[in-house]
Amino acid sequence: MKLERKHAVLFLALAAWNVFNWGTFAKNLAAAHARGEDRPTGYWVAHIVLIVVNLLVAVVLGRLGVQGWRATRTPDRVDA
């Protein structure tokens, strides 16, 4: 499969959305913990695992996006 620039843009946009979405969720989860919300330990562990896994997915998507972007660059023209 050949990556096109539109695929690279999609991967980068998805990576940015994941970072924003899960970063906000992590901030809210940390604030809830700081407020002393009474939740079972499994609740905190499960949500932290979700955050970490989805941020890793964002890293993979971002890396694919950057590689796709670089692969679709047009080479610089050399005028002789």
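How about the chain: which trypsin sites (Lys or Arg not before Pro) there are in a DSSP loop, with at most 15 other Cβ atoms within 10 Å of their Cβ?
Working: sites: K2, R5, K6, K27, R35, R63, R70, R73, R77; in loops: K2, R35, R73, R77.
Passing both the DSSP loop test and the Cβ count: K2, R35, R73, R77.
Taking all protein chains in place and a 1.4 Å probe, what share, in percent, of the accessible surface of the chain do carbon and sulfur account for?
Working: 4100 of 6340 Å².
Here carbon and sulfur together make up 65 percent of the probe-accessible area.
Calculate, in nm to one decimal, what R73 and M1 gain on full extension: separation in residues at 0.36 nm each, minus their alpha carbon distance. Walk me through the numbers on the way to the answer.
Details: separation 72, 0.36 × 72 = 25.92 nm, distance 1.69 nm.
Net length gain for the segment: 24.2 nm.
Which is farthest toward the positive dipole end of the chain among L10, H47, T72, measuring Cα position about the Cα centre, with Cβ charges +1 (Lys, Arg) and -1 (Asp, Glu)?
Selected residue: T72.
Given a 10 angstrom Cα cut-off, can you work out which residue in L14, L29, L55 is the most mobile in a GNM of the chain?
Evaluated over the chain, the most mobile residue of the options is L29.
Just checking my list (i) 35, 26, 18; (ii) 65, 25, 20; (iii) 71, 24, 15 against Cα extents along the principal axes in Å computed from this structure; which label fits?
Entry (iii).
Given a 1.4 Å probe, how much area per residue of region 1-51 is accessible, in Å²?
Ligands and nucleic acids excluded, the figure is 75 Å² per residue.
So between A16 and H33, what do we pick up on full extension, going 0.36 nm a residue minus the alpha carbon distance? Let's see the in-between values first.
Details: separation 17, 0.36 × 17 = 6.12 nm, distance 2.55 nm.
Between A16 and H33, full extension yields an extra 3.6 nm.
For the chain, with a Gaussian network of springs between Cα atoms less than 10 Å apart, report the residue from L61, L12, L50 with the top mean-square fluctuation.
Of L61, L12, L50, the most mobile in the Gaussian network model is L50.
Between A26, A46, A13, which gets the highest mean-square fluctuation from a Gaussian network model of the chain, Cα cutoff 10 Å?
Its mean-square fluctuation being the largest, the pick is A46.
The values are calculated or read from the model by the stated rules, or taken from the named source; none is laboratory data. These figures come from a predicted structure and were not determined experimentally. Because the Cβ atoms are built from the backbone with ideal geometry, glycine has one as well, and the counts that use them run over all protein chains shown. SASA here: full protein model, heavy atoms, side chains in, ligands and nucleic acids out. Shrake-Rupley method; radii C 1.70, N 1.55, O 1.52, S 1.80 Å.
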